[in-house]
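Reading through the C-alpha cells given below for one structure.
The values are calculated or read from the model by the stated rules, or taken from the named source; none is laboratory data. Predicted model only: the values in this text are computed from it and were never measured. So basically every Cβ, Gly included, is an ideal-geometry build from the backbone, and we count neighbours across all protein chains shown.
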Amino acid sequence: MAFESLSGKLQEVFKKLRGKGKLSEKDIKDAMREVKVALLEADVNFKVVKDFINAVTEKALGQEVMESLTPAQQVIKIVNEELTSLMGSTQSWLNLGNKIPAVIMMVGLQGSGKTTACGKLANLLKKQGKNPMLVACDVIRPAAIKQLQVVGSNVNVPVFTMGDKTNPVDIAKASIDYAKSHNMDVVIIDTAGRLHIDDELMEELINIKKVVNPDEILLVVDAMTGQDAVNVASSFNERLDITGVILTKLDGDTRGGAALSIKAVTQKPIKYIGTGEKLSDIEPFYPDRMASRILGMGDVLTLIEKAQAAIDEKKALEMGQKLLTKQFTLDDFLEQLQSLKNMGPLDQLLGMIPGMSKNMLKGIDISEKDLKRVEAIIQSMTKEERQNPSIINGSRKKRIAKGSGTTIQQVNSLLKQFEETKKMMKKFADFDKDIKKGKLKL
Ligand code: GDP
C-alpha cells in the first residue's frame, strides 16, 4: 500500500507528541524536523516540503489553544489540514463541458498506464449513464490499437480505429464526426506515448489538441516513478496546459511523493487514482480522505463506499446488528469473506481502517482456493458449532478436518482468523458509533 512508510513515520512523531502534556516551541520544532525528514524520504518535492513545514510550524506556534483538543491533537489537525490543501483541498470532478461529444484527451509516457486508464474512465462514465467511445490514436506502439480494443471490449465500449497507417491528427478528427453521427456523448482519445518526453510527441499532441478542442486533457502518470512523475507532469503541463492528472499504480509500493507534490508543483489537480490492474480499479481522488489515510486516521468514507458497492446494504445492516449483539457466527464470517473478496485486495482495505495495522489480519488470505477451503471447513461443522465456535474441542476439530479434507492446523487457523475478523469488525463498529456520537470527526 502506498504511503505505508510515510504514514508509519508520521504516526511515530505524533505518538511522541501525545506523550507530552503541554507542547513547547522546541517540541513543535523538533516534531516538524522529523515530519520534514519523513516527507523527504517519501520523495516529496524539496520545495513543497519546505513550504509545508513552514506553514505547519507557523500555524502550530501561533494557534489559539482549543479546549476540545489536546496540544498534540491540534498539531495533527493542522498537519491534516495542510496535507489536504497541499493535494488540492477539494475533489476535482471531470469537466465535460457543454458540447456533444465531450472530448477527453489522454496523454502520458509509455507504461504509465494510459491505455488501461482509458478503459477505466470509459467504464466509470458508462456506469454514470454516459455513452462513451474510445479512440485509438497511438499508431506508434505496435500492439497499442489491439490493446485498446481488448480494453474496450472488456468494458463494452466501442473503439474507433483507422489502423496504424493514418495520421493520429486525422484519426482524432474523424472520430469526433463518427461520435456525432452515432450518438456517442464522450470521446476518450488514447494518444501515443514515448519512453521519454520528446518534441515530436509534443508536436503531435498539440496538433491533436488543436483539432479536437478537448474539454479535458488528462495526463496519466505512474506513482511508482516518484519525483520523475512530477517532472513529467511539469513538462506536459508547460506544453499542453493539461486539465488534470490520473495517478496510477497507487496500489503498489510507492512512497507517495508524487501524490503529495503534483498539485503544488503544477497547480493541476489529481482527478483520479489507479489502484490496480483491473478496469474497475479507479477511484476519484479526495485530498481530505487521502490526508487522513496518510495520517493513519483511516479513510472510512471510501471504505464504506466500497462496502456499499460490494455488499448489499440490507445485509451490511444485518451484519452490523449481529456484531453489536455479539451474534456474529462462522456462517456470517463466510459471507463476509466472500463480500470482502469483491471489495478488492485486503491490504488496500486495511489502510483505510483507522488504527488498523497489517498484523491484525496477518494470515487472512482470501484467494479463490483458500475461500473454497474455508467453505469446506465451515460446511463440515454442525449448526451448533457454527453458531458457537467455542465448543469446538480437539475431537470436533479432528472430525471437521476429516470431513472437509483439511488438516487440524487448517481448522485452527480458520478459527483464529474468525476471531481476528470479529475483533476487526468490532473495532470498526465502535468507530462507527463514535462517529455517530460526534466523538470523532471524519
Ligand atoms: P500505457 O503504455 O501507458 O498505455 O500503459 P498500459 O495501460 O499498457 O499499462 C502498463 C502496465 O501498467 C500494465 O501492465 C497495466 O496492467 C499496469 N497498470 C496500469 N494501471 C495500473 C494501476 O493502477 N495499478 C497497477 N498495479 N498496475 C497498473
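What are the pairs, 6+ residues apart or on separate chains, where a residue within segment 412-436 that is farther than 17 Å from D332 by Cα has its Cβ under 6 Å from a residue that is in a helix (DSSP H, G or I) and at pLDDT below 70?
Listed by first residue and then by second, the contacts come to nothing, as the list is empty.
Which of the residues that make up segment 231-247 are crowded, with 24+ Cβ neighbours inside 10 Å and touching a helix residue (DSSP H, G or I) at 6+ places or on another chain (Cβ under 6 Å)?
Result: A233, V245, I246, L247.
Looking at K127, K114 in this structure, which one is of a type outside the set (S, T, Y), modelled with pLDDT under 95 and closer than 23 Å to S280 by Cβ?
Sole residue among the options that is of a type outside the set (S, T, Y), modelled with pLDDT under 95 and closer than 23 Å to S280 by Cβ: K127.
Are any residues in segment 77-124 hydroxyl-bearing (S, T, Y) and either closer than 22 Å to S261 by Cβ or surrounded by fewer than 17 Cβ atoms within 10 Å (Cβ to Cβ) (or both), and if so, which ones?
Result: T84, S85, S89, T90, S92, S112.
Report yes if I197 is surrounded by 20 or more Cβ atoms within 10 Å (Cβ to Cβ), of a type outside the set (S, T, Y) and in the same structural domain as V135 (by TED's automatic domain parsing), otherwise no.
The answer is no for I197.
Among all residue pairs at least 6 apart or on different chains, which show Cβ distances below 8 Å where the first residue, located in segment 258-274, is buried (at least 22 other Cβ atoms within 10 Å of the Cβ) and the second is part of a loop (DSSP other than H, G, I, E, B) and of a type in the set (D, E, K, R)?
Going by the 8 Å Cβ cut-off, the qualifying pairs are A258/D43; I262/K268; G274/K249; G274/D251; G274/D281.
Criterion first (more than 27 Å from the chain's Cα centre (by Cα), closer than 13 Å to T115 by Cβ, buried (at least 18 other Cβ atoms within 10 Å of the Cβ) and without any contact (Cβ under 8 Å) to a residue 60 or more places away in the chain) does I145 satisfy it?
yes
Would you mind stating whether K127 is free of Cβ contacts under 8 Å to residues at least 60 places away in the same chain and among the basic types (K, R)?
yes
Within segment 264-277, identify whether any single residue is at pLDDT 90 or above, in the same structural domain as D228 (by TED's automatic domain parsing), among the aliphatic types (A, V, I, L, M) and away from the ligand (no atom under 16 Å from the Cβ), and answer yes or no.
Yes: segment 264-277 contains one or more residues that are at pLDDT 90 or above, in the same structural domain as D228 (by TED's automatic domain parsing), among the aliphatic types (A, V, I, L, M) and away from the ligand (no atom under 16 Å from the Cβ).
Show the residue pairs that are 6+ apart or on different chains and have beta-carbon atoms under 6 Å apart, the first residue being within segment 91-114 and within 15 Å of M133 (Cβ to Cβ), the second being part of a loop (DSSP other than H, G, I, E, B) and among the acidic types (D, E).
If the second residue must be part of a loop (DSSP other than H, G, I, E, B) and among the acidic types (D, E), the pairs left are L96/D215; I100/D185; P101/D185; A102/D215; V103/D215.
Results for (1) assigned by TED's automatic domain parsing to the domain that holds D241; (2) in contact with a Lys or Arg (Cβ under 9 Å, 6 or more places away or on another chain), shown as yes or no for each residue.
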position	(1), (2)
E82	no, yes
Q91	no, yes
L94	no, yes
G108	yes, yes
G111	yes, no
L121	yes, no
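Within segment 246-263, how many residues are within 13 Å of the ligand (Cβ to nearest atom), within 23 Å of S5 (Cβ to Cβ) and aliphatic (A, V, I, L, M)? Working first, answer last.
From segment 246-263, those within 13 Å of the ligand (Cβ to nearest atom) are 246-254, 258-259; that's our starting set.
Still in the running and within 23 Å of S5 (Cβ to Cβ): 247-254, 258-259.
Subset that is aliphatic (A, V, I, L, M): 247, 250, 258-259.
Residues that pass the stated criteria total 4.
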